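One structure is given here, and the rest of the page talks about it.
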Amino acid sequence: MHGGLEGVVAAETSLSMVDGVRGELVIAGYPVEALALNATFEETIWLLWNGSLPEDIGPFRSDLASRRSLSQATLHRLAAAAATRVDPMDALRMGLGSATGKDEEDARNVVATFPSIVASYWRLLHGSDPIAPRADLGHAANYLFMLTGEVPSENRVRGLETYLNTVVDHGFNASTFTARVIVSTGSDFVSAVAGAIGALKGPLHGGAPGPALDMVFEIGDVGRAEPYLREKLSRGEKLMGFGHRVYKVRDPRADVLSVAAERMFRGGDNMKLYELARAVERVAVRLLEEYKPGRNLQTNVEFYTALLLHGLGLDVPLFTPTFAISRVAGWLAHSFEQRRANRIIRPQSAYVGPTGRTWKI
């Protein structure tokens, strides 16, 4: 038996390769550190959907930008959701449009509108009017613009773009597998994305980048790091942002986001926070080896996700929806891949219930 299907190979994919023993993540042939730090998010989407980088990303970028606007009906739904304080992930699901029946059209519409849904809902939730998208801004820049009304600096855009590239795909995780199962039935891509959102909303999948940063804030000073962390470990508490179910060494995505955070914070007021986070990380890794020897509990993607997104001015409730703005491109890449060589995903189960019962009349 394989609980949770762990260790079971369900399909072949050319989209991403996760090597937890060696600490490697390859996305469509590129090491994550090479792709994430250099590509635009539009280039990454194209790469996953088409298998290679385009000669000119301009037409694809323009096409996505032309699809960003939300209908009045969608905005009314989001306003009604905001009035009852619906969870942002539920609002994201509610904002999805209807399927056109054309996979390519649905994929482009969904990817283009995800940032608009998240940003519009966030503003409505806080009593502000939504901001219309700008077609002259890239995918990442437009998202930040729609949240704040200010055109972000190139430094901030590069920070967000690196994050979006880093988390765009990661093997057959729960939400990706959910999307592929739905597509395997012959259903549409919009339904697949709705199901994937539901899977990502679960706390065992979406993770907890917020608490990882809360720990850094609570420590506050490098000199407090060791006594604070020793106390937590002595009480048997988990250190958020460390350890991963797949990676038995340091999560390669943590390295990428560490570099991105340093570049974004360098010279600004938040550089002190970055330096504090790095110091806390060093102490945490050392103490984890002391308290849990041999388990090799290293920094995972959540630690630097929290730092980077906080540096971008995003509040913690926006962390998971922002993750979804990236991962939806991966969900749809898997949807295309499933569609091309489809066979319905139908695993068997082992019955362990009672038998031989008789019905008393």
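Where a number appears in this text, it was derived from the coordinates with a stated rule and is not lab data. Model, not experiment: these values are computed from the prediction. Heads up, the Cβs are rebuilt from the backbone with ideal geometry, glycines too, and the neighbour counts pull from every protein chain shown.
Per-structure values
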| quantity | calculated |
| --- | --- |
| V246/R282 FRET efficiency (R0 22 Å; Cβ-Cβ; nearest 0.05) | 0.45 |
| The chain: calculated mean residue ellipticity at 222 nm from DSSP helix runs of at least 4, using -39500 (n - 2.57) | -17500 deg cm²/dmol |
| Shape call, region 267-308: gyration tensor on alpha carbons, a/c limit 1.5 | oblate |
| R22-E289 FRET efficiency (beta carbon distance; Förster radius 25 Å; 0.05 resolution) | 0.85 |
| Cβ charges +1 (Lys, Arg) and -1 (Asp, Glu), total dipole of region 209-311, debye | 340 |
| Farthest positive-ward along region 1-158 dipole, Cα basis, beta-carbon charges - from I57, M146, V86 | V86 |
| Coil-residue GluC sites (Glu not before Pro) of region 140-190, DSSP, other Cβ within 10 Å capped at 11 | E150 |
| Of the DSSP H helices in the chain, those whose Cα atoms cover at least 27 Å axially and whose Kyte score averages -0.5 or more | 103-125, 271-291, 319-340 |
| Separation of the V259 and E12 label points, Cα + 7 Å toward Cβ, nm | 3.1 |
| Sites excluded, trypsin sites (Lys or Arg not before Pro) in DSSP loops with at most 11 other C-beta within 10 Å, longest stretch of the chain | 86-234 |
| Over the chain, relative contact order from alpha-carbon pairs under 8 Å, at least 6 apart, % | 23 |
| Neighbour-limited loop hits for chymotrypsin sites (Phe, Trp or Tyr not before Pro), region 1-93 (at most 10 other Cβ within 10 Å; DSSP other than H, G, I, E, B) | none |
| Lysine pairs with alpha-carbon atoms under 21 Å apart, the chain, spacing 8 or more or separate chains | 4 |
| For the chain, alpha-carbon Rg relative to the globular expectation (2.2 N^0.38 Å, N residues) | 1.04 |
| Distance in nm between pseudo-label sites at R235 and A135 (7 Å out along the Cβ direction from Cα) | 5.5 |
| Length gained when the stretch T100-D315 is fully extended (0.36 nm per residue, less Cα-Cα span) | 74.0 nm |
| Residue-count net charge about V222 - beta-carbon cut-off 12 Å; Lys, Arg +1, Asp, Glu -1 | 0 |
| Region 221-361 shape via C-alpha gyration tensor axes, a/c threshold 1.5 | oblate |
